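Working notes, beginning with the structure itself.
The values are calculated or read from the model by the stated rules, or taken from the named source; none is laboratory data. Computed from a prediction, not measured in an experiment: that's the story for all the values here. Backbone-built Cβ (ideal geometry, glycine too); neighbour counts: all protein chains shown.
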Amino acid sequence: MGAKVLAIANQKGGVGKTTTALTLGESLSRLSKKVLVVDLDPHANASVQLSYFPENVQHTAHDLFFDDANYSEVWNKIIKKREGLSFDFVPACIRLSELEVDLKERKHKGMILSNAIDEISEYYDYVLLDCPPHVGVLLVNAIVASSFVLIPIQTDFLALYGIRLLFDTIKMLNKVMPSPVRFRALPTMYDGRAGACRKILNLIRRKLGDRVFSTVIHIDTKFREACASGKVILDIDPRSRGSLEYMQLAREIIRNEDS
Ligand SMILES: Nc1ncnc2c1ncn2[C@@H]1O[C@H](COP(=O)(O)OP(=O)(O)OP(=O)(O)O)[C@@H](O)[C@H]1O
Ligand SMILES: [Mg+2]
């Protein structure tokens, strides 16, 4: 059986996509799963956090979109493995932002990533795609390639506007895909002391029902600390609330798949 592919997506910026890609990647690895995290955001936040600075990295996720790409050769060049990092990683670069124009004439341009992942799927249990915060050819490629879309939703009022756009994209894709896009929402940056947060969480649960994870990620300053030191939260404090919650999310994802 091939890898489960999770597109971690939300058009709204700063909701915890990159944090989820890296921390869930680490959590699944700690549960003995073989994980690949792919940075698809031209801003390369995940890459920079792991010290793969775009100016120093020659081969990136962008290589997969070349016209004549031989996928297994390309994966060999772009997958980074290193001591101390428990999952494999593919960095991003700013040129990913030019794909919209570069792929204009390309046929089946929404299928490129899906076809590429088919080539390596057997080597991984999970492939996590850190998506950019806007609709475009990269997001479509990620959703088409995915087994399901994980949507981090910041538990504040404005966040609800953000997901409307994403649902529009999913609806649009559903019209052309052989089977409907599956998605699950992950409440993030939750502050249980704030009444507004609690209200929004209730609203999300009412609207989306069992398409919301049971796990809720609370606000935890350790995330920023980890980010600033180029690590994930589990490396700096595995007993912190944020660490325990991402481990719980990883278990929930593994369990869902078995049921
Ligand atoms: N649960 C949390 N508690 C506190 N801070 C968090 C939490 N999750 C993420 N953060 C912090 O919030 C900021 C934004 O998170 P992140 O970069 O993961 O969002 P994003 O959705 O990937 O943003 P973008 O859309 O810009 O790519 C980061 O500084 C991160 O460290
Ligand atoms: Mg990000």
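Scan the range 195-227 residue by residue and report those that are within 30 Å of SER51 (Cβ to Cβ), exposed (fewer than 14 other Cβ atoms within 10 Å of the Cβ) and under 20 Å from the mean Cα position of the chain (by Cα).
Selection gives ARG224 alone.
Could you tell me which residue of the range 215-251 is nearest to ALA21 (Cα to Cα), considering only residues that are in a helix (DSSP H, G or I) and within 16 Å of ligand 2 (Cβ to nearest atom)? I'd like the intermediate steps shown before the answer.
Residues of the range 215-251 that are in a helix (DSSP H, G or I), as a first pass: 222-228, 233-236, 241-251.
Pick out the ones that are also within 16 Å of ligand 2 (Cβ to nearest atom) and you get 223-224, 226-228, 233, 246.
Values: PHE223: 13, ARG224: 15, ALA226: 14, CYS227: 13, ALA228: 16, ILE233: 12, TYR246: 10 Å.
Residue satisfying both the conditions and the ranking: TYR246.
Does VAL181 meet the test of being touching a Ser or Thr at 6+ places or on another chain (Cβ under 9 Å), more than 16 Å from ligand 1 (Cβ to nearest atom), at negative phi and not in a helix (DSSP H, G or I)? Lay out the reasoning, then the answer.
Numbers: touching a Ser or Thr at 6+ places or on another chain (Cβ under 9 Å): yes; more than 16 Å from ligand 1 (Cβ to nearest atom): yes; at negative phi: yes; not in a helix (DSSP H, G or I): yes.
Judged against the criteria, VAL181 is a match.
Check VAL57 against each of (1) over 22 Å from THR188 (Cα atoms); (2) within 16 Å of ligand 1 (Cβ to nearest atom); (3) surrounded by fewer than 20 Cβ atoms within 10 Å (Cβ to Cβ) and name the one condition it does not meet.
(2)
Where in the range 20-114 are the helices (runs of 4 or more DSSP H), entirely inside, with at least 1 residues that are more than 16 Å from ligand 2 (Cβ to nearest atom)? Quick ask: steps written out before the conclusion?
Details: elements: 45-49, 71-78, 99-102.
Per the criteria, 71-78, 99-102.
Evaluate the following for ASN70: is it of a type in the set (S, T, N, Q), at pLDDT 95 or above and surrounded by fewer than 18 Cβ atoms within 10 Å (Cβ to Cβ)?
Numbers: of a type in the set (S, T, N, Q): yes; at pLDDT 95 or above: no; surrounded by fewer than 18 Cβ atoms within 10 Å (Cβ to Cβ): yes.
Criteria not met by ASN70.
Restricting attention to the range 208-252, and to residues there that are more than 8 Å from ligand 1 (Cβ to nearest atom) and polar (S, T, N, Q), which single residue is nearest to LYS33 (Cα to Cα)?
It comes out as GLN248.
I need the full set of residues from the range 145-160 which are assigned to a helix (DSSP H, G or I), more than 16 Å from ligand 2 (Cβ to nearest atom) and touching a residue at least 60 places away in the same chain (Cβ under 8 Å), in order please.
ALA145, LEU158
Is one or more of the residues making up the range 196-207 over 25 Å from VAL37 (Cα atoms), part of a helix (DSSP H, G or I) and touching a Gly at 6+ places or on another chain (Cβ under 8 Å)? Show your work before the answer.
Applying the first criterion (over 25 Å from VAL37 (Cα atoms)) to the range 196-207 yields 196-207.
So of that shortlist, the ones also part of a helix (DSSP H, G or I) come out as 196-207.
Restricting the remaining residues to those that are touching a Gly at 6+ places or on another chain (Cβ under 8 Å) gives 198.
Checked against the condition, which is being over 25 Å from VAL37 (Cα atoms), part of a helix (DSSP H, G or I) and touching a Gly at 6+ places or on another chain (Cβ under 8 Å), the range 196-207 yields at least one hit.
Looking at the range 18-46, which of the residues that are farther than 16 Å from VAL90 by Cα and of a type outside the set (Ser, Thr, Tyr) is surrounded by the fewest Cβ atoms within 10 Å (Cβ to Cβ)?
Among those residues, the one meeting the criterion is LEU31.
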